[in-house]
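> Take a look at the following structure, please.
The values are calculated or read from the model by the stated rules, or taken from the named source; none is laboratory data. Being a predicted model, the structure only gives us computed values, none of them experimental. Neighbour counts are summed over all protein chains in view; Cβ atoms, including those assigned to glycine, are modelled from backbone coordinates with ideal geometry.
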Amino acid sequence: MTTSGSIGAVRSLLNGGHGRGLKGVLLRASIGSIGVKVANTLLAFCLAVLLARVLGPEGYGVYAFAFALLTLLAIPAQAGLPQLVVRETAKARSLQDWALMRGLWRWTNLFIVAFSLAMVALVGFALWFGDNWSSAERHWTLLTGLLLVPLIALGSTRGSALRGLGRVVLGQLPDNIVRPTSLIILAVAAMWLLPNQATTPQGVMLLHVMAGFLAFVLATILLRRARPTEMNEVLESRQEPVYWRRAALPLALVAGLQLINTQADLVILGLLREDAEVGVYRVVVQMGNLVIFGLVAINQVLHPHFAALHASGDLARLQRLVTISARAILALALVPVLIFLLMGESILGWIFGAGYMIGAVPLAILALGQLANAGFGSVGALLNMTGHERDTLRGMIAAIVVNLVLNLTLISPFGMVGAATATTVSFVIWNAILWLYVRRRLGIESSALSWKSS
């Protein structure tokens, strides 16, 4: 396909093929994505309430600490591949290069399987034969959860492939809907049939592994059904492993550092404070994440459009898309922030129990940090989808250094308040740096307060 043909296809796609405007396309696509995110948020709350009340602050703290460590351990297994798969699948689709798309998917599967097995084996060996660095309950909960690492990585890349094909909602269903729903159902059933095992952190982690397997199976089925019919006629595959590895490395570092930036407070809190405080803070973090559900949901839609518009050179439409989405993201963030500032303590006590009410101040701090996160717009997505992932990496490195230093400094004397403060400051620094890079590299104003044409 010629360059002019590719550009025409992109413009036709963004116009909906029937002369509809960009706002209409974005609205229709965002409704489904936001619907999934709202459902995921409700499911996450139901799950958090269930586990927080059943396990109590201390038991929930053990589970939360183990899951935070597992999240960090899954970074090498994914190695930045989900975002790479979205970008390269969207490109291959626009060029109708089905052999390259098939090669991309095969290469990512093999990479993930090899990396996951090696990493799980090494960590499992260290846990099994090493000295117990913490309580036995933490040790066995973490060991059980190692099975989640390859399941999360493989499921994530399948969802990314679906998003790259334009199936934004389908790509989010397995991880955002099926996994938490399955875990809730399994937990309720287990508490009824095996109450002694289901009410322990290790038992809950085992149920999470089962739910992760169900989500992975569904993601595989959905991708098989959604893949272009032309791929059935193209048996050969073409790979560009050198290019993919070079592109995946900065994406992997960005994704890894971003996870470290979001999990460092919980992990360091778990190392320096009691399990009960970790459990309360985990609830606070989940509540604070409500503020940016609009950012996360809309970004699922924006990724392929950012890549396509930048590839076509249509910066005017790209600016319009960025401004419209940024204002929608900020509007969706304002409501939960106001609620948490005014009624945070009452909400924590009513929903999770009196033992969690001490998290009101950290909740207010995190909510304000997430509001700033939303206000800057989709800065990370813009840079990553336009080939400037190294700039995202530079901003993230600066933010994570500040985050780690502040967490190590503030958590010991101030506990949850120190952790929330460190995380909030790092959010602001990271977004401010990326905002400057977006303006410098793309000439785009990403914030919700953009004065440019919308």
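> Do we find that Ile185 is without any contact (Cβ under 8 Å) to a residue 12 or more places away in the chain and β-branched (Val, Ile, Thr) in this structure?
Answer is yes for this residue.
> Determine the pairs where a residue that is without any contact (Cβ under 8 Å) to a residue 40 or more places away in the chain, located within region 345-364, has a partner that is of a type in the set (Asp, Glu) and assigned to a helix (DSSP H, G or I) with Cβ atoms under 7 Å apart, the partner being 6 or more residues away or on another chain.
Filtered contacts from region 345-364: Met357/Glu345; Ala360/Glu345.
> A follow-up question, please. What's the number of the condition Ser446 fails, among (1) assigned to a helix (DSSP H, G or I); (2) touching a Gly at 6+ places or on another chain (Cβ under 6 Å); (3) surrounded by 21 or more Cβ atoms within 10 Å (Cβ to Cβ)?
(1)
> Sticking with this one: Does region 255-277 hold any residues that are of a type outside the set (S, T, N, Q) and within 21 Å of the chain's Cα centre (by Cα), and which are they? Don't jump to the end; show me each part of the working.
Of region 255-277, the ones of a type outside the set (S, T, N, Q) are 255-257, 259-260, 264-277.
Listed by number, the residues that qualify are Ala255, Gly256, Leu257, Leu259, Ile260, Ala264, Asp265, Leu266, Val267, Ile268.
> Right, another one. Counting just the residues of region 92-119 that are part of a helix (DSSP H, G or I) and among the polar types (S, T, N, Q), which one comes out farthest from Arg224 (Cα to Cα)? Quick ask: steps written out before the conclusion?
Narrowing region 92-119 to residues part of a helix (DSSP H, G or I): 92-95, 98-119.
Within this subset, residues satisfying the condition of being among the polar types (S, T, N, Q) are 94, 108-109, 116.
Values: Ser94: 19, Thr108: 16, Asn109: 14, Ser116: 22 Å.
The extreme case among them is Ser116.
> For residues that are of a type in the set (Gly, Ala, Ser) and buried (at least 20 other Cβ atoms within 10 Å of the Cβ), scanning just region 199-231, find the one that is farthest from Ala52 (Cα to Cα). Write out each step before concluding.
In the first step, residues of region 199-231 are kept if they are of a type in the set (Gly, Ala, Ser); the result is 203, 211-212, 215, 219, 226.
Applying the additional criterion that residues be buried (at least 20 other Cβ atoms within 10 Å of the Cβ) yields 203, 211-212, 215, 219.
On the way: Gly203: 14, Ala211: 18, Gly212: 20, Ala215: 23, Ala219: 29 Å.
Result: Ala219.
> Can Ile400 be described as touching a residue at least 40 places away in the same chain (Cβ under 8 Å), more than 20 Å from Asn261 (Cα to Cα) and either surrounded by fewer than 22 Cβ atoms within 10 Å (Cβ to Cβ) or within 21 Å of the chain's Cα centre (by Cα) (or both)?
no
> Please find, among Gly377, Gly359, Gly355, Gly349, the residue that is touching a Ser or Thr at 6+ places or on another chain (Cβ under 7 Å) and either part of a helix (DSSP H, G or I) or crowded, with 21+ Cβ neighbours inside 10 Å (or both).
Numbers: Gly359 fails: touching a Ser or Thr at 6+ places or on another chain (Cβ under 7 Å); Gly355 fails: touching a Ser or Thr at 6+ places or on another chain (Cβ under 7 Å); Gly349 fails: touching a Ser or Thr at 6+ places or on another chain (Cβ under 7 Å).
Going through Gly377, Gly359, Gly355, Gly349 in turn, the sole match is Gly377.
> Of the residues that sit in region 286-326 and are hydroxyl-bearing (Ser, Thr, Tyr) and under 19 Å from Asn373 (Cα atoms), which one is surrounded by the most Cβ atoms within 10 Å (Cβ to Cβ)?
Step by step, filter region 286-326, then rank; the result is Ser325.
> Consider only pairs whose beta carbons are under 9 Å apart and that are at least six residues apart or on different chains; among these, list those whose first residue lies in region 97-122 and is under 14 Å from Gly80 (Cβ atoms) and whose second residue is aromatic (Phe, Trp, Tyr) and surrounded by 13 or more Cβ atoms within 10 Å (Cβ to Cβ).
Every condition considered, the pairs that remain are Leu104/Trp244; Trp107/Trp244; Thr108/Trp244; Phe111/Trp244.
> Please pick out the residue among Ser325, Ser426 that is within 30 Å of Tyr243 (Cβ to Cβ), part of a helix (DSSP H, G or I) and in contact with a helix residue (DSSP H, G or I) (Cβ under 8 Å, 6 or more places away or on another chain). Steps first, please.
Values: Ser426 fails: within 30 Å of Tyr243 (Cβ to Cβ).
One residue alone meets the criteria, Ser325.
> Moving to a separate point now. Which residues, counting only those in region 380-393, are hydroxyl-bearing (Ser, Thr, Tyr) and in a helix (DSSP H, G or I)?
From region 380-393, those hydroxyl-bearing (Ser, Thr, Tyr) are 386, 392; that's our starting set.
Selection gives Thr392 alone.
> Among Ile185, Ile177, which is the only one that is within 18 Å of the chain's Cα centre (by Cα), part of a helix (DSSP H, G or I) and β-branched (Val, Ile, Thr)? Walk me through how you get there before you give the answer.
Details: Ile185 fails: within 18 Å of the chain's Cα centre (by Cα).
Going through Ile185, Ile177 in turn, just one is within 18 Å of the chain's Cα centre (by Cα), part of a helix (DSSP H, G or I) and β-branched (Val, Ile, Thr): Ile177.
> Taking the options Val291, Val322, Val335, name whichever one is among the β-branched types (Val, Ile, Thr) and closer than 21 Å to Gln172 by Cα.
Numbers: Val322 fails: closer than 21 Å to Gln172 by Cα; Val335 fails: closer than 21 Å to Gln172 by Cα.
Only one candidate qualifies: Val291.
> Within region 233-241, is there a residue that is of a type outside the set (Ser, Thr, Tyr), in a helix (DSSP H, G or I) and over 30 Å from Ile365 (Cα atoms)?
yes
> Identify, from the list Val283, Val267, the residue that is surrounded by fewer than 24 Cβ atoms within 10 Å (Cβ to Cβ) and under 30 Å from Pro201 (Cα atoms). Steps first, answer last, please.
Numbers: Val283 fails: surrounded by fewer than 24 Cβ atoms within 10 Å (Cβ to Cβ).
The match here is Val267.
> Counting only residues that are hydroxyl-bearing (Ser, Thr, Tyr) and surrounded by fewer than 24 Cβ atoms within 10 Å (Cβ to Cβ), how many does region 381-397 have? Outline the logic, then answer.
Here is the first cut: in region 381-397, the ones hydroxyl-bearing (Ser, Thr, Tyr) are 386, 392.
Narrowing the set further to residues that are surrounded by fewer than 24 Cβ atoms within 10 Å (Cβ to Cβ) leaves 386.
The number of residues fulfilling the criteria is 1.
> Could we say that Asn407 is modelled with pLDDT under 90 and surrounded by 20 or more Cβ atoms within 10 Å (Cβ to Cβ) here? First the steps, then the outcome.
Numbers: modelled with pLDDT under 90: no; surrounded by 20 or more Cβ atoms within 10 Å (Cβ to Cβ): yes.
Spelling it out, it is not the case that Asn407 is modelled with pLDDT under 90 and surrounded by 20 or more Cβ atoms within 10 Å (Cβ to Cβ).
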